[in-house]
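Structure, as structure tokens:
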Amino acid sequence: MTTTITPPTTTLLTDAQRRAVAPLVYGGTNESIGAQIHLSAEGVASHLRTTRKALGRRGCTRPVLVHALLTAHEVRPPACQRPCPDFAERELRLLQALAEHSRNEDIGRAIDVPGSDVRAEIDALVAKACADNAVHLVGLGHAWGILGESAPSGASSQPALAASSPGAP
């Protein structure tokens, strides 16, 4: 008889941290997340700080944090039934830069625009994707399979179908 040994799953976050940061993929504020999970906004902020530290992303923006959480498989992508918009290559580069860089200057450098124009570029992409905000957009990028380790390089063809998230807000 052969025994199969399953390696333990390693996670960087506690259950309480994961519960507090999981709704972030939908772009929620500390207040809305706190109301959802019955925690104060300050409690949510504390969990976000410790999560950033655990992921080695101190001081990063929320989109970068969401990308790190999803890439590390600490939380699930947001549930999404709508198809991925037909993003141009430049828009895909912007989405990738938003997920990887916290400073507008760095995002602008990645897409060849001045840092002062980055906010308008992000806002246009958020609108095209029908996302609630830039944080939600990064979550959707993972749900559509165009961000993260499963994303093909130059991902512009048909994205993977979105995975549903049990207990999604």
Legend entry - So residue 62, is it surrounded by fewer than 16 Cβ atoms within 10 Å (Cβ to Cβ) and under 17 Å from the mean Cα position of the chain (by Cα): no
Legend entry - Meets criteria (out of contact with any helix residue (DSSP H, G or I) (no Cβ under 7 Å at 6 or more places or on another chain) and within 30 Å of residue 19 (Cβ to Cβ)) for residue 68: yes
Inset, instruction - Would you be able to say whether some residue in region 136-146 is part of a loop (DSSP other than H, G, I, E, B), of a type outside the set (Val, Ile, Thr) and either modelled with pLDDT of 50 or more or under 16 Å from the mean Cα position of the chain (by Cα) (or both)? - result: yes
Inset, instruction - Search region 100-117 for residues that are modelled with pLDDT of 95 or more and pair each with any residue that is part of a loop (DSSP other than H, G, I, E, B) and open to solvent by less than 70 Å² (accessible area, probe 1.4 Å) when their beta-carbon atoms are under 6 Å apart and the residues are at least 6 apart or on different chains. - result: 102/60; 102/61; 107/101
Inset, instruction - Sort out for me the helices (runs of 4 or more DSSP H) sitting completely within region 5-76 that have 1 or more residues that are hydroxyl-bearing (Ser, Thr, Tyr) and more than 22 Å from residue 100 (Cβ to Cβ). - result: 30-37, 41-54
Legend entry - Cross-chain or 6+ apart pairs with Cβ under 6 Å, region 12-25 first and within 9 Å of residue 51 (Cβ to Cβ) and open to solvent by 10 Å² or more (accessible area, probe 1.4 Å), then modelled with pLDDT under 90 and in a helix (DSSP H, G or I): none
Inset, instruction - All but one of (1) in a loop (DSSP other than H, G, I, E, B); (2) at pLDDT 95 or above hold for residue 80, so report the exception by its number. - result: (2)
Inset, instruction - Starting from region 80-98, take each residue that is within 19 Å of residue 119 (Cβ to Cβ) and list its partners that are open to solvent by 20 Å² or more (accessible area, probe 1.4 Å) and in a loop (DSSP other than H, G, I, E, B), counting only C-beta distances under 7 angstrom and pairs at least six apart or across chains. - result: 87/156; 92/156
Inset, instruction - Go over the candidates 76, 49 one by one and state the one that is open to solvent by 60 Å² or more (accessible area, probe 1.4 Å) and closer than 24 Å to residue 144 by Cα. - result: 76
Inset, instruction - Please work out if residue 120 is surrounded by fewer than 16 Cβ atoms within 10 Å (Cβ to Cβ), of a type in the set (A, V, I, L, M) and in a helix (DSSP H, G or I). - result: yes
Inset, instruction - Would you please list the contacts, defined by Cβ atoms under 8 Å and residues six or more apart or on different chains, that run from a residue in region 43-62 that is at negative phi to a residue that is of a type in the set (Gly, Ala, Ser) and surrounded by fewer than 15 Cβ atoms within 10 Å (Cβ to Cβ)? - result: 47/16; 52/59
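The values are calculated or read from the model by the stated rules, or taken from the named source; none is laboratory data. Computed from a predicted model, the values in this text were never measured in an experiment. Heads up, the Cβs are rebuilt from the backbone with ideal geometry, glycines too, and the neighbour counts pull from every protein chain shown. Ligands, DNA and RNA are excluded from the accessible area calculation, which covers all protein heavy atoms including side chains. Shrake-Rupley method; radii C 1.70, N 1.55, O 1.52, S 1.80 Å.
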